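Enquirer: My questions will all concern the structure given below.
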Amino acid sequence: MSRATIERFYAAFARLDAETMQACYAPDAVFDDEVFSLRGREQIGGMWRMLCVSTRAKGLAHWKLDVSEITERSAHWDVHYLFSATGRQVLNRIDAQFEFDTSGLILRHRDRFDFWVWSRQALGVPGWLLGWTPFLRRKVRTQAMAHLRRFLELG
């Protein structure tokens, strides 16, 4: 059941179907990656909606999702996209770990990627120079959460 949930989640992501992605999470789910720490299906779903809306707005020419190595508790995914803040092309390579509730919904989702590699692509020279520092990581996290709060408020 858990592998099927992972497959459903990434198939929805490939279609930029945030509603189906959100439905894969338990109500009290937890999501963490290098940028976001989110609690609850609504907040997590809001992040995916924000990313899907942004990707569609930029056009799908720069969007591609490749998922591999799906197991009962993990997956690897590579995503190609334009970073909204700079318009720079990014290829982010991500390893995902999952825990599920008894009904097969995602209870915990942890994505791991190399923040410095990502920041060099997404931010250019500032990412190259500061991407390894806690300062830039905090700044990116703060800005991303502010964008998510505004997105959720506009609903």
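Enquirer: Could you check which residue among G104, G59, G127 shows the biggest mean-square fluctuation in a GNM of the chain with a 10 Å Cα cutoff?
Expert: In this elastic network of the chain, the residue with the biggest mean-square fluctuation among G104, G59, G127 is G59.
Enquirer: Would you mind calculating the gained length between E153 and L91 on full extension (0.36 nm times residue separation, minus the Cα-Cα distance), in nm to one decimal?
Expert: 19.4 nm
Enquirer: Another question, if that's okay. Quick one: if you take sqrt(5λ) for each eigenvalue of the C-alpha gyration tensor of the range 2-154, what semi-axes come out, biggest first, whole angstrom?
Expert: With the √(5λ) rule applied to the range 2-154, the semi-axes are 24, 16, 16 Å.
Enquirer: Percent relative contact order of the chain, based on C-alpha pairs within less than 8 angstrom and at least six residues apart? Can you show the working numbers first?
Expert: Details: 258 pairs, mean separation 34.1, N = 155.
Averaging sequence separation for qualifying contacts and normalising by length gives 22 percent for the chain.
Enquirer: Follow-up question, since we're still on this one. Give me, ordered by chain and number, the residues 5 or more places off Y25 or on other chains with an amide H under 5 Å from its own placed amide H.
Expert: Counting only residues 5 or more places away or on other chains, the set is I106.
Enquirer: Using a Gaussian network model of the chain with C-alpha springs under 10 Å, which one of R41, R56, R93 is most mobile by mean-square fluctuation?
Expert: R56
Enquirer: Which value in deg cm²/dmol, rounded to the nearest 500, describes the helix-derived mean residue ellipticity at 222 nm for the chain, given -39,500 (n - 2.57) per DSSP H run of n ≥ 4 and division by the residue count?
Expert: Result for the chain, helices only: -14500 deg cm²/dmol.
Each reported figure results from applying straightforward, stated rules to the coordinates on display, with no laboratory input. The shown structure was predicted, so the numbers you read here are calculated from the model rather than taken from an experiment.
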